[in-house]
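Working notes for the structure below.
The values are calculated or read from the model by the stated rules, or taken from the named source; none is laboratory data. The structure presented is a predicted model; accordingly, all values stated were derived computationally and were not measured. Note: areas computed on protein heavy atoms with side chains; ligands, DNA, RNA excluded. Shrake-Rupley method; radii C 1.70, N 1.55, O 1.52, S 1.80 Å.
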Amino acid sequence: MDTPERLPTADEANAALRAYAAGRRSWTAAELEELDRLRRAWAEAVRREWATAA
């Protein structure tokens with residue numbers, strides 16, 4: 001049986017987003033896609049944590 005992928009916390013997702021963006025001045029299309037993916041992961045993590053807290 002496959003174990004489900006562990007989802008990042010909002011803090012973990014935020015750290016990954018910050019680390020990816022740190023020091024960048026220009027972006028390729030592929031890098032912008034990855035940045036968007038990381039932003040979505042962060043937003044989803046925040047929604048999960050808010051829903052759990054409510």
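Tabulated values for the structure
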| item | result |
| --- | --- |
| Nearest-ten-degree value, helix 29-53 long axis tilted from longest Cα axis of the chain | 30 |
| Where the chain is the region considered: accessible area per residue in Å², 1.4 Å probe | 85 |
| The chain: relative contact order as a whole-number percent, Cα under 8 Å and 6+ apart | 55 |
| Identified option (computed Kirkwood radius over Cα pairs in Å; candidates [x] 13.2; [y] 12.3; [z] 12.8) | [y] |
| Degrees between helix 10-21 axis and first principal axis of the chain (Cα, 0 to 90, nearest 10) | 10 |
